[in-house]
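All remarks here apply to the structure that follows.
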Amino acid sequence: MSTFLTAEWHKLIMAQYEVSPAILTPYLPRGLELDLYQGRCYVSLVGFLFDRVRVKRLAIPFHTRFEEINLRFYVTRTGPDGTRTRGVVFIREFVPRRAIAFVARRFYEEPYTAIPTSHSIELTTGSLNVNYAWKLGARWHTLSVAADPTPQPITPASEEEFITEHYWGYTKRADGSTSAYEVQHPRWQTYPVTHHEIDADFATLYGPPFAHLNHAQLASVLLAEGSAVSVHSGIRL
């Protein structure tokens, strides 16, 4: 597969909620199964900074650095040869650039929406503070963490490894088929989170099935440093 996009992903906040698998069944593309961590089904609210974006090796003016905020869940696919791949499916993805959202919808049928977004990354004495904000409708929604600024390696077989080590994106197409694209990046490091705040209306952002997350207890939250990434062109399964 050829490389469609290259970029750097920085300072990824990933907030996990445990949900009933039945909630995700309508969003599950054909040929995939939910990927559970120790029997628990997760969705993750993710905010991160896209930087140095190149599409087919070309930098598009004013579209090389922007925020993305998404809600995703975890899946697995067993190929005809028995090979098992692990990936993610997106409920909805927000970016501030209309052209980015158009390309993602047009070529991948990914559920992108262009809205105002912002971020801040501040290093103070003993603390790394990261905030993402996005505006839908009349209000801003926010996702923030404070963390120890010393990055740590991810422990094998940990929940952090499960959340970060999914290297495929899968999409449920309008005709009922499934498309897939590979995302390549090295193993990330994470920062120990000391404080977090989430102010988001999940019903408005992601629909009534996720309204209960407004009051749900957070299962975990992590802050990953990120890295350079390569997104390959999509294929139909």
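Need one number for the chain: average projected area of the convex hull over its C-alpha atoms, nm². Intermediate values should be presented prior to the final figure.
Values: hull surface 51.9 nm².
With every direction weighted equally, the projected area is 13.0 nm².
Which whole-number percent is the relative contact order of the chain (Cα, under 8 Å, 6+ apart)?
It rounds to 25 percent for the chain.
List the trypsin sites (Lys or Arg not before Pro) in the stretch 34-133 that DSSP assigns to loop (not H, G, I, E or B) and whose Cβ has at most 13 other Cβ atoms within 10 Å. Which are they? Intermediate results must be reported in sequence, preceding the final value.
On the way: sites: R40, R52, R54, K56, R57, R65, R72, R77, R84, R86, R92, R97, R98, R105, R106; in loops: K56, R57, R97.
Taking the stretch 34-133 and a limit of 13 other Cβ atoms within 10 Å, the loop trypsin sites (Lys or Arg not before Pro) found are K56, R57.
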Completion exercise
The summed charge of the L28 Cβ neighbourhood (under 12 Å; Lys/Arg +1, Asp/Glu -1) stands at +1
Fill in the blank from the handout: Expressed as a whole-number percentage, the relative contact order of the stretch 143-234 with C-alpha contacts under 8 angstrom and at least six residues apart is 37
Practice task
Could you do me a favour and compute the accessible area per residue for the stretch 90-133, 1.4 Å probe, result in Å²?
Solution key: 51
Handout entry: Point-charge dipole on Cβ atoms (K/R +1, D/E -1) for the stretch 74-204, about Cα centre, debye to 20
Key = 600
Practice task
Could you work out how far apart the two model spin labels at N129 and S2 are, taking each label as a point 7 Å from the Cα in the direction of the beta carbon, and quote it in nm?
Solution key: 4.6
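Can you give the extra length, in nm with one decimal, that the chain gains between A174 and T150 once fully stretched, where that is 0.36 nm per residue apart less the Cα-Cα distance?
On the way: separation 24, 0.36 × 24 = 8.64 nm, distance 4.42 nm.
Answer, rounded to one decimal: 4.2 nm.
Measure off, as a whole percent, the carbon and sulfur share of the 1.4 Å-probe accessible area of the chain, all protein chains present. Walk me through the numbers before you get to the answer.
Working: 5960 of 11150 Å².
Percent of accessible area from carbon and sulfur atoms in the chain: 53.
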Completion exercise
For the stretch 161-174, Karplus-derived ³J(HN,Hα) couplings (6.51, -1.76, 1.60; θ = phi - 60°; whole Hz; x for glycine and proline) come out as 5, 4, 5, 8, 9, 10, 10, 10, x, 10, 9, 7, 7, 5
Practice task
Lys and Arg at +1, Asp and Glu at -1: add these up for the other residues within a Cβ distance under 10 Å of A133 and post the number.
Solution key: -1
Exercise for the section: Return the distance in nm (one decimal) between the two label points of a simple spin-label model at A219 and R40, each offset 7 Å from Cα along Cα→Cβ. Expected result: 0.6
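How about the stretch 156-194: which GluC sites (Glu not before Pro) there lie in a loop by DSSP and see at most 14 other Cβ atoms within 10 Å? It would help to have the intermediate numbers written out before the result.
On the way: sites: E159, E160, E161, E165, E182; in loops: E165.
Those satisfying the criteria are E165.
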Problem - Mean-position separation - Cα centroids, the stretch 1-40 and the stretch 193-215, in angstrom - result: 17
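The values are calculated or read from the model by the stated rules, or taken from the named source; none is laboratory data. All figures in this text were calculated on a predicted structure; none of them were measured in a lab. For neighbour counting, all protein chains shown are included, and Cβ atoms are generated from backbone atoms with ideal geometry for every residue, glycine included. Side chains are part of the model used for accessible areas, which takes the heavy atoms of the whole protein and leaves out ligands, DNA and RNA. Shrake-Rupley method; radii C 1.70, N 1.55, O 1.52, S 1.80 Å.
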